[in-house]
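Structure, as structure tokens:
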Amino acid sequence: MNDDYLFTLSMFVVEPDIWIRQYDWRELIKVEQDALYYLWKEVGEGMGIKDIPESFDALCEWSWEYERKHMRYAATNEKVVAPTVDMILNPLPNFLRPLVRSIVPALMSDRLAEATGFPKAKPWAKMAIRWFFVIRAFFLKYFFLPRWSSNQRTAAGPLNGPNGRRRLFKPNWNLYGCTYPDGYDIASLGPKKMRPGKTCPLFKAADSGPRRTKD
């Protein structure tokens, strides 16, 4: 049972790194991988999960080995995945749903698709997904340049961005906005029944004091 929980926890570390490495405009650097690992390691420890590997690389190796040994098809897997797929398809018009459903396996590993009852991804679907994200990564890398603020400007013009990229302009829009522009107190987040004075399921009483951070 502990290994099942640990494998689920590892997905929050392993899968983002795999996805970013395959589809985004750059890979995570070591400090970003470690930050991802230590965040979820602390969450796992707070949940009482035992034997968490001691590094990002060790957790990845453990996760891949566990998946290789234990990931198999089961009818219950389909019941778990079906609502997620339906959630993706529901906003789409009916005529698009079969097309999008046929693309879903291309977003999975072959082992995961088989274990959840999906047919093996069509070659054209894998190619379409690959080129979509290649084009997306290209535009993110060269056209969605880093923002600069007034204290970063010099008389000579904008400073160089990460990886030597020039900041040619400053986008003045934010698609999602800042959820907590003034920061937040972790103990006060979540449903009302878990607000201060109630029992938090994750943090012990001694750890539930104010922890303010910026979004």
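Scanning the range 37-50 for residues that are in a helix (DSSP H, G or I), touching a residue at least 24 places away in the same chain (Cβ under 8 Å) and of a type outside the set (Val, Ile, Thr) yields 37, 40, 44, 46.
Among the residues making up the range 58-90, a single one is within 18 Å of residue 1 (Cα to Cα) and touching an Asp or Glu at 6+ places or on another chain (Cβ under 7 Å): 66.
Identify all residues within the range 51-74 that are of a type in the set (Phe, Trp, Tyr) and not in a loop (DSSP other than H, G, I, E, B); write none if there are none.
Initial filter on the range 51-74 (of a type in the set (Phe, Trp, Tyr)): 56, 62, 64, 66, 73.
If the condition is that a residue be of a type in the set (Phe, Trp, Tyr) and not in a loop (DSSP other than H, G, I, E, B), then 56, 62, 64, 66 are the ones that fit.
Cβ-Cβ distances below 6 Å connect the following pairs, each with a first residue in the range 51-75 that is closer than 16 Å to residue 18 by Cα and in contact (Cβ under 8 Å) with a residue 12 or more places away in the chain, a second residue that is of a type in the set (A, V, I, L, M, F, W, C) and not in a loop (DSSP other than H, G, I, E, B), and a separation of six or more residues or different chains: 59/13; 60/14; 63/14. Only residues that are surrounded by 14 or more Cβ atoms within 10 Å (Cβ to Cβ) and not in a helix (DSSP H, G or I) were counted across the range 110-128, and they come to 4. Name the single residue, out of those in the range 57-78 being among the polar types (S, T, N, Q) and touching a helix residue (DSSP H, G or I) at 6+ places or on another chain (Cβ under 9 Å), that is surrounded by the fewest Cβ atoms within 10 Å (Cβ to Cβ). Within the range 57-78, the match that is surrounded by the fewest Cβ atoms within 10 Å (Cβ to Cβ) is 77. On inspection, residue 32 does not qualify as over 23 Å from residue 70 (Cα atoms), outside any helix (DSSP H, G or I), of a type outside the set (Lys, Arg) and assigned by TED's automatic domain parsing to the domain that holds residue 66.
Is the range 91-108 home to any residue that is of a type in the set (Lys, Arg) and under 30 Å from residue 29 (Cα atoms)?
Among the residues of the range 91-108, not one is of a type in the set (Lys, Arg) and under 30 Å from residue 29 (Cα atoms), which makes the answer no.
The values are calculated or read from the model by the stated rules, or taken from the named source; none is laboratory data. Predicted, not measured: the structure shown is a model, and the values here were computed from it. FYI the Cβ positions are ideal-geometry reconstructions off the backbone, even for glycines, and counts take in every protein chain you see.
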